[in-house]
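Worksheet for the structure shown next.
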Ligand SMILES: [Zn+2]
């Protein structure tokens, strides 16, 4: 079974991906990882992707599609994959979907206020890279004891822009998969444990209920 997880920054997508890949022995494939692998191979396409990333631009569509198709057509990606990202535009998502089988799309639907609160509580350890929230750990890294800091782009102004861009790009893709009858939308304003339980139910096919 191949699953596509869609969620705004701060929706809990990263944490859920980690838990799901472990529990269901899925292979985690993110667009970012696929691009980084291409860049590391030093190909011409990798060079173009690198430039786009450095300039904060979207990858050119033809390159994105070529790179994604190459990767997704490898035998190890045929089944049991958890996809994190699948084209940035509706056209790219449609093209990839015509090429690659997706069984379930899970959309983590979360309010702006909820994700903003989560983002502002997020801290990173400057020494070991451990990411946590201030509720859980206080202000000191639980792995190495260093003082935690906020990520540079975790402030309200930057986040509001990132969130807005994400929603504009993603909602047409959500609608497309909904019409294809493979999308389940879940309310992701709850605690991560509750969201995880709901997502597991969907993965296991225990719920037909679609929250609107
Ligand atoms: Zn640390």
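The values are calculated or read from the model by the stated rules, or taken from the named source; none is laboratory data. Note that the structure is a prediction, hence the values are computed from the model and not measured. All Cβ positions, even for glycine, are placed from backbone atoms using ideal geometry, and neighbour counts span all protein chains on display.
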- Task: Please specify each residue of the range 162-181 satisfying the condition of being over 17 Å from the mean Cα position of the chain (by Cα) and exposed (fewer than 12 other Cβ atoms within 10 Å of the Cβ).
- Result: 179, 181
- Quick one: count up the residues across the range 187-207 that are surrounded by 13 or more Cβ atoms within 10 Å (Cβ to Cβ) and in a helix (DSSP H, G or I). 10
- Determine whether residue 196 is within 18 Å of residue 85 (Cβ to Cβ) and either at pLDDT 90 or above or touching a strand residue (DSSP E or B) at 6+ places or on another chain (Cβ under 7 Å) (or both). no
- So residue 107 fits all but one of (1) closer than 20 Å to residue 163 by Cα; (2) assigned to a helix (DSSP H, G or I); what number is the exception? (2)
- Message: Residue under question is residue 105, and the condition is that it be at pLDDT 95 or above, within 17 Å of residue 11 (Cα to Cα) and surrounded by 13 or more Cβ atoms within 10 Å (Cβ to Cβ); does it hold?
- Response: yes
- Task: Test each condition in (1) farther than 22 Å from residue 198 by Cβ; (2) surrounded by fewer than 18 Cβ atoms within 10 Å (Cβ to Cβ) for residue 93 and report the one that comes out false.
- Result: (2)
- Note on the structure: With criteria (1) touching a strand residue (DSSP E or B) at 6+ places or on another chain (Cβ under 8 Å); (2) not in a strand (DSSP E or B), residue 184 comes up short on (2)
- Query: Among the residues of the range 132-150 satisfying the criterion of being loosely packed, with under 13 Cβ neighbours inside 10 Å and closer than 17 Å to residue 12 by Cα, which is nearest to the ligand (Cβ to nearest atom)?
  - Reply: 136
- Exactly one of (1) under 24 Å from residue 8 (Cβ atoms); (2) outside any strand (DSSP E or B) is unmet by residue 123. Its number? (2)
- Message: Can you tell me which residue is nearest to residue 45 (Cα to Cα) among those in the range 68-80 that are assigned to a loop (DSSP other than H, G, I, E, B) and in contact with a helix residue (DSSP H, G or I) (Cβ under 9 Å, 6 or more places away or on another chain)?
- Response: 73
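This table checks each residue for (1) free of Cβ contacts under 8 Å to residues at least 60 places away in the same chain; (2) within 16 Å of the ligand (Cβ to nearest atom); (3) touching a helix residue (DSSP H, G or I) at 6+ places or on another chain (Cβ under 9 Å).
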position: 51; (1), (2), (3): yes, no, no
position: 55; (1), (2), (3): yes, no, no
position: 66; (1), (2), (3): yes, no, yes
position: 82; (1), (2), (3): no, no, yes
position: 95; (1), (2), (3): yes, no, yes
position: 112; (1), (2), (3): yes, no, yes
position: 127; (1), (2), (3): yes, yes, no
